[in-house]
Amino acid sequence: MNHNASLPAPPRRARGIVLLGLAILAAAGALFVLRRPLMMSAPRCMAGRWHGCLDTFNGVVFMTLVTLPLAVLVAWALARGRRAAAGTSAWRMSLAEVGMVHGTVPFVWMTMMPGGGAGIVPARVSLVPLRDLVTMGALGIGGNLLVFAALGFFAPMRFAALASVPRILALGAGCSVLVESAQYVLQLDRVSSVDDVLVNAAGAVLAGLASRRRWRTAAQAPSRAPGVSASPHAPAAGRAA
């Protein structure tokens, strides 16, 4: 009798439930802390007014939270539509696609908000590493870490070609360079800083490491050609039947 076969499997479902519970508690705590500034923008956002809603940090965060159920519904619809072709990976692929968009676009939108002197104040560039980091503060560093966190978390789950830490780092840094360059070219009265690129890229890598078990499993899954049997009892090539 093989006693190794009777060993209990790792409690993946229990770990998943615990992680989901912790995520819900963290989200609830963040909402509790931000409830007052978010509620200040709620009336204008619900009335469909641009000024005071989508041109403010609080308004963008409020609309991101409000549209979260819609994002989940879109992911569900995509998963249901591709279930026949993608099988068990349909939900993972759909969730990754929607998560990348819903978790990245609002932060990029906020970084592209023009300042009071947009179009008037000359574009500014800071190319000395770590010089601006000390002036960001905890809130600034946290915000910069989140800009491409969703991209770093979900992109390697969706695209196997990105399933490595160096590629996630390159993805986060490249996207951040594009954003900083757009700020400079459009003269948005914002400083295009190399420290923003460093922190943005670090946030993408940290988020990618958080989902590493998911994207490593997806990247290492063996691909099967249509019509080729994967049975271990199939006769080897060149062997007589």
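Observations, loosely collected:
- Of all residues making up the stretch 156-169, the number that are part of a helix (DSSP H, G or I), over 13 Å from Arg212 (Cβ atoms) and of a type in the set (A, V, I, L, M, F, W, C): 3
- The lone exception for Trp50 - which of (1) exposed (fewer than 13 other Cβ atoms within 10 Å of the Cβ); (2) of a type outside the set (Ser, Thr, Tyr); (3) within 23 Å of the chain's Cα centre (by Cα); (4) within 20 Å of Thr111 (Cβ to Cβ) it fails: (3)
- Selection status of Gly172, closer than 15 Å to Ala204 by Cβ, touching a Gly at 6+ places or on another chain (Cβ under 6 Å) and in a helix (DSSP H, G or I): yes
- In the stretch 125-155, residue surrounded by the most Cβ atoms within 10 Å (Cβ to Cβ) [restricted to those that are in a helix (DSSP H, G or I) and of a type in the set (S, T, N, Q)]: Asn144
- Within the stretch 104-124, the residues that satisfy the criterion of being in contact with a helix residue (DSSP H, G or I) (Cβ under 9 Å, 6 or more places away or on another chain), surrounded by 13 or more Cβ atoms within 10 Å (Cβ to Cβ) and more than 30 Å from Phe154 (Cα to Cα) are Ala118, Ala123, Arg124.
Quick note: the coordinates plus some simple rules give every number you see, no bench work behind them. These figures come from a predicted structure and were not determined experimentally. Cβ sites come from the backbone with ideal geometry, for glycine too, and all protein chains shown count toward neighbours.
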